[in-house]
Amino acid sequence: MKCRVCGRDAVVKLDYANLKLCREHFIEFFERRVARTISRYGMLRRGDKVAVAVSGGKDSASLLHALWRLKGELGVELVGVTIDLGIRGYSDQSVEVARRNYEKLGVPYRIIKLADYGFIMDDARTLKKPACSTCGAVKRYLLNKAAREIGATVIVTGHTLDDFLAVLMQAYTRGDLQQLAKHRVYLPPADGLIARAKPLVETPERESLLYAQLLGLEFTVIECPLSRGATLADFKAALNLLEERHPGMKIMMLRAFLNRLQPLLPSERRVPGRCEVCGEPSTSSVCQFCRIRSRLTQLRATCNRP
Ligand code: SF4
Ligand code: ZN
Ligand code: ZN
């Protein structure tokens, strides 16, 4: 198998593009696609201070690295933000991996400890609701607050094409129009909410893994112990099966949703007010984070009672 560009040995075959590439040309292809995604959806502007959310996993490691290589061309400044969620057997290692990635590239960073808010995600083990939806709300809140405090103009996350489509399928099967309307590749800023973007949204997850491996990036392979039973993994497996049988299916699904369906959904990022407990932007009188915080700190107190 030979690289289509230079004729050297290829390391990957991309069926959807009918393309075989060597290490060097795959890395170039990967980074060009990130740059194209950013430009296609107007995700970043020259002079932006970009808060890169790094979890310690392969996708955010690849995103951080690709943006670090592209930052001169894009005219942006990077700052890393990592949240220590306090998940036993997972968070300590992930946070350390994220820290090493920042230090290796010389990217300034901030680590936010959820424990400083009086609870940790481990406390969510006792909830009936799946931990991931609680965790998602906690991360959104803390990332937004940290990004605003450090003067970032946009938050970028490592959500890949597979992540985006799996959430899309989940929202579709639940008939959750509200989630479909909110499920965007780029959200503009709105009154206290920092803009958010997903520069890997056109990148298949397996390619983000390959990019990280080819560059020898450090990432954690430990699965989060709270993710057990998550249906998103099953949607991803189904998407991979479709892609295998019909190369190009994933990107076709993304484009069909963004170009044909999403324009029919309400688009504005509504922020009617502020949370009366913490003062952060909220669509209800008490924000979701403060509600979670109150519930989990209570649970923690009950569990620790002799
Ligand atoms: Fe949070 Fe779920 Fe991710 Fe674990 S798998 S870090 S609980 S979102
Ligand atoms: Zn080549
Ligand atoms: Zn609040």
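Have a look at LEU44, LEU14 and point out the one that is in contact with a strand residue (DSSP E or B) (Cβ under 8 Å, 6 or more places away or on another chain), under 30 Å from ALA152 (Cα atoms) and at pLDDT 95 or above.
Numbers: LEU14 fails: under 30 Å from ALA152 (Cα atoms).
When all the criteria are applied, what remains is LEU44.
Among the strands (runs of 3 or more DSSP E) contained in the stretch 1-99, which hold 3 or more residues that are within 28 Å of PRO188 (Cβ to Cβ)?
Details: elements: 12-14, 19-21, 49-53, 77-84.
Ranges flagged: 49-53, 77-84.
Would you say ARG255 is more than 25 Å from ILE155 (Cα to Cα) and over 15 Å from the mean Cα position of the chain (by Cα)? If you could, list the steps in order and put the result at the bottom.
Numbers: more than 25 Å from ILE155 (Cα to Cα): no; over 15 Å from the mean Cα position of the chain (by Cα): yes.
Answer is no for this residue.
I need a count of the residues in the stretch 21-60 that are within 16 Å of ligand 2 (Cβ to nearest atom) and over 18 Å from the mean Cα position of the chain (by Cα).
The number of residues fulfilling the criteria is 10.
Residues checked against (1) at pLDDT 95 or above; (2) within 16 Å of LEU187 (Cβ to Cβ); (3) surrounded by fewer than 16 Cβ atoms within 10 Å (Cβ to Cβ); (4) more than 16 Å from ligand 1 (Cβ to nearest atom):
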site: SER267; (1), (2), (3), (4): no, yes, yes, yes
site: ARG270; (1), (2), (3), (4): no, yes, yes, yes
site: CYS275; (1), (2), (3), (4): yes, no, no, yes
site: PRO281; (1), (2), (3), (4): no, yes, no, yes
site: LEU296; (1), (2), (3), (4): no, no, no, no
site: THR302; (1), (2), (3), (4): no, no, yes, yes
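Only one residue in GLY106, GLY118, GLY72, GLY175 is touching a residue at least 12 places away in the same chain (Cβ under 8 Å) and either farther than 21 Å from LYS236 by Cα or not aliphatic (A, V, I, L, M) (or both). Which one? Break it down stepwise before answering.
Working: GLY106 fails: touching a residue at least 12 places away in the same chain (Cβ under 8 Å); GLY72 fails: touching a residue at least 12 places away in the same chain (Cβ under 8 Å); GLY175 fails: touching a residue at least 12 places away in the same chain (Cβ under 8 Å).
After applying the criteria, what remains is GLY118.
Taking into account only those residues within the stretch 191-216 that are among the aliphatic types (A, V, I, L, M) and touching a strand residue (DSSP E or B) at 6+ places or on another chain (Cβ under 8 Å), which is farthest from SER60 (Cα to Cα)? Steps first, please.
At the first step, the residues of the stretch 191-216 found to be among the aliphatic types (A, V, I, L, M) are 193-195, 197, 200-201, 209-210, 212, 214-215.
With touching a strand residue (DSSP E or B) at 6+ places or on another chain (Cβ under 8 Å) added as a condition, the list becomes 193-195, 197, 210.
Numbers: LEU193: 21, ILE194: 19, ALA195: 18, ALA197: 13, LEU210: 13 Å.
Per the criteria, the residue is LEU193.
Has the stretch 282-299 got at least one residue that is assigned to a loop (DSSP other than H, G, I, E, B), more than 23 Å from SER91 (Cβ to Cβ) and within 16 Å of ligand 2 (Cβ to nearest atom)?
Checked the stretch 282-299: no residue is assigned to a loop (DSSP other than H, G, I, E, B), more than 23 Å from SER91 (Cβ to Cβ) and within 16 Å of ligand 2 (Cβ to nearest atom).
For the stretch 61-83, how many residues meet the condition of being closer than 18 Å to PHE219 by Cβ, surrounded by fewer than 20 Cβ atoms within 10 Å (Cβ to Cβ) and within 18 Å of the chain's Cα centre (by Cα)? Break it down into steps so the answer makes sense when it comes.
Applying the first criterion (closer than 18 Å to PHE219 by Cβ) to the stretch 61-83 yields 61-69, 78, 80-83.
With surrounded by fewer than 20 Cβ atoms within 10 Å (Cβ to Cβ) added as a condition, the list becomes 68-69.
Applying the additional criterion that residues be within 18 Å of the chain's Cα centre (by Cα) yields 68.
Matching residues across the stretch 61-83 total 1.
The values are calculated or read from the model by the stated rules, or taken from the named source; none is laboratory data. If you're wondering where the values come from, they're calculated on a predicted model, not measured in any experiment. When we count neighbours, we look across all protein chains shown, and the Cβ atoms used for this are built from the backbone with ideal geometry, even at glycine.
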